[in-house]
Each structure stands twice: as structure tokens, then as C-alpha cells.
1. Quick one: in the range 58-78, of everything that is within 13 Å of Ala128 (Cβ to Cβ), surrounded by 15 or more Cβ atoms within 10 Å (Cβ to Cβ) and in contact (Cβ under 8 Å) with a residue 60 or more places away in the chain, which residue is farthest from the chain's Cα centre (by Cα)?
2. For the range 103-117, which positions are of a type outside the set (A, V, I, L, M), in a strand (DSSP E or B) and either on the phi > 0 side of the Ramachandran plot or surrounded by 15 or more Cβ atoms within 10 Å (Cβ to Cβ) (or both)?
3. Does Thr64 satisfy the condition of being hydroxyl-bearing (Ser, Thr, Tyr) and in contact with a Phe, Trp or Tyr (Cβ under 6 Å, 6 or more places away or on another chain)?
4. Give the residues of the range 79-122 that are of a type in the set (A, V, I, L, M, F, W, C) and free of Cβ contacts under 8 Å to residues at least 40 places away in the same chain, sorted by residue number.
5. Please list, ordered by first then second residue, the pairs with beta carbon atoms under 9 Å, 6 or more apart or interchain, first in the range 12-31 and farther than 23 Å from Thr132 by Cβ, second hydroxyl-bearing (Ser, Thr, Tyr).
Amino acid sequence: MSNLNMDTGWKQLIFILPLMLIGFYPLLRMTFFKGDITKELVISEVQQRSSEGSLEILGLITNTGNRTWTSVTVEAEFFDASGTFVDEAAEYVDADIAGNAQEHFKIRIKNPNSELDAPDTKLVVKVAGGHTSPF
């Protein structure tokens, strides 16, 4: 005869359930309450210049939200006069972008083809990705 009882009582459930909820809270924050990078980060003051055999795209990222964004990727896409995609380039922003802050960026394209410097080429710069801490 054994006195070992494997039955869990309601007292144990009341104790364990809050601990489980506290443990899953970070996962819930990461999954359901993460920010939208396309709404919080806005690109402005975009300039395009050629220097020393390369094409540089300069601009300013403004964080309109309260979250700090890290590993932000900025992407420049080039389209010809008919709207056909020509080329793209991307660059990571080294610095973290705190809430309600601004950060400058530069995308450098070495040895660009002649289509990128053409006057009728349209440049579209956008935020392509990034991460934020859930806490």
C-alpha cells in the first residue's frame, strides 16, 4: 500500500495558475502588443547625391512612437519613368532610435549603373524592418 497521491487539488491550481500567467506575460507582449514599425518610424528629408563613383541617399528617421527601435533597416528602391523596378539597396541604422527621437541615415551604393542617376528615375525610401523590446 502506498500513500502517494497524484491528485492535484484546487489549492495547488490557485497557486500555480498565477505563476503560469506571469511566466507567459512576456510571450503575450511580444506576440500581441508589438509596435508597427511602418506607423512609428517616418522617413523625411531624403536627398540623393553622387560622390566619388558612388551614389549616396541621405535622410532622417523620426520615431513618432514611445518604443525604442533597434536594428532598423532602411531600403531605397529605384523605378524608371514607366514605373518598372530597376534596383534596390538597403542599410542598417547602427544606432537605436528611442521614442520621439530622430536619427540620420545614409545608404551608399558603390559603382551604380547609369539608370540610378537618370533624372527620370524615381526613388522610394522606406523602413523595411526593425526590432523593439517588449518591455
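1. Ile61
2. Residues of the range 103-117 that are of a type outside the set (A, V, I, L, M), as a first pass: 103-106, 108, 110-115, 117.
Subsequent filtering for residues that are in a strand (DSSP E or B) retains 103-106, 108, 110.
Residues satisfying the conditions are Glu103, Phe105.
3. Numbers: hydroxyl-bearing (Ser, Thr, Tyr): yes; in contact with a Phe, Trp or Tyr (Cβ under 6 Å, 6 or more places away or on another chain): no.
It is false that Thr64 is hydroxyl-bearing (Ser, Thr, Tyr) and in contact with a Phe, Trp or Tyr (Cβ under 6 Å, 6 or more places away or on another chain).
4. First, the residues of the range 79-122 that are of a type in the set (A, V, I, L, M, F, W, C): 79, 81, 85-86, 89-90, 93, 95, 97-98, 101, 105, 107, 109, 116, 118.
The answer is Phe85, Val86, Ala89, Ala90, Val93, Ala95, Ala98, Ala101, Ala118.
5. Listed by first residue and then by second, the contacts come to Ile16/Thr8.
Computed from the coordinates by the stated procedures, all read-outs in this text should not be read as laboratory data. As the structure is a computational prediction, the values presented were derived from the model and not from experiment. All Cβ positions, even for glycine, are placed from backbone atoms using ideal geometry, and neighbour counts span all protein chains on display.
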